[in-house]
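This report refers to the structure that appears directly beneath it.
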Amino acid sequence: MGAEATPAPTPDLSTYERSHLVATGLRAAVTAAVLLAAYFLIPVAHRQHESPALRLVLALALFVAVVANEVRLITAHQRPLLRAGVAMATVIPLFLVLFAWIYLTMSQSDPGAFTGTPHPLDRPSALYFAVTVFSTVGFGDITPRTDPARMVVTVQMLADLAVIAVVIRLIFGAVNRAVSRKGEPSEPGEETEVEPARPSGGPATG
């Protein structure tokens, strides 16, 4: 009776699985860091002839292309759940950086597009504003002042809903499809849980 009540020991992750988890975490961190570094280091080109609508279309086209590629990579990956972590570390920072870049270039070409300090926006303040819009915090210290700026912010607010409701679902839908097609466990370590559980439960007849 006492032996039956003893819970089975929880198996540890194998060295192979732990290495994959560490590598995935490092890759996700490096991907996010590279995106942020590119945002802070790439020079801002002053092109007044480029409309905010053109910048917005190009940014959204790039974002959709990256999301489609990430979904494809997840579907083909041997560890789709781990690859989804890298995808999330790519998609969300890229989304924020793209809109921060639009706000930055708009403010540089038209200093009256946004109110707040500094004026015009610099890189940290543009990224900060993009994050506050994404998180729906809205402190009000930076606000769009012109109609083009308001329209871009409106597009980001609508795109925020699409990222949360559609893009994240697409990513984890690709994980589920890859797992069901390959017959792999959705969590690393589930194979090692199932294997030792059968022999330990077999001889308990007595």
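The values are calculated or read from the model by the stated rules, or taken from the named source; none is laboratory data. Owing to the predicted nature of the structure, the values given are computational and were not obtained by experimental measurement. No Cβ is skipped: glycine too gets one built from the backbone with ideal geometry, and neighbour counts run over all protein chains shown.
Scoring LEU54 on the criteria (1) more than 20 Å from VAL163 (Cβ to Cβ); (2) under 13 Å from the mean Cα position of the chain (by Cα); (3) not acidic (Asp, Glu) leaves a single failure, condition (2).
Quick check on this structure: which one of LEU94, LEU73, LEU26, LEU82 is part of a helix (DSSP H, G or I) and modelled with pLDDT of 90 or more? Explain how you work it out, then say what you get.
Working: LEU73 fails: modelled with pLDDT of 90 or more; LEU26 fails: modelled with pLDDT of 90 or more; LEU82 fails: modelled with pLDDT of 90 or more.
Checking each option against the conditions leaves just LEU94.
Name the pairs whose Cβ atoms lie under 6 Å apart, with the first residue in segment 121-142 and touching a residue at least 12 places away in the same chain (Cβ under 8 Å), the second in a loop (DSSP other than H, G, I, E, B) and surrounded by 15 or more Cβ atoms within 10 Å (Cβ to Cβ), and 6 or more positions between them or separate chains? Every condition considered, the pairs that remain are PHE129/ILE142; ASP141/GLY116; ILE142/GLY116.
Select from segment 109-141 the residues that are surrounded by 12 or more Cβ atoms within 10 Å (Cβ to Cβ), among the small types (Gly, Ala, Ser) and under 18 Å from PRO93 (Cα atoms) and list them in ascending order. The answer is SER125, ALA126, ALA130. Residue pairs, Cβ under 9 Å, 6 or more apart or interchain, first in segment 63-84 and under 27 Å from ALA100 (Cα atoms), second modelled with pLDDT under 85 and of a type in the set (Asp, Glu). List them. Within 9 Å, no pair qualifies.
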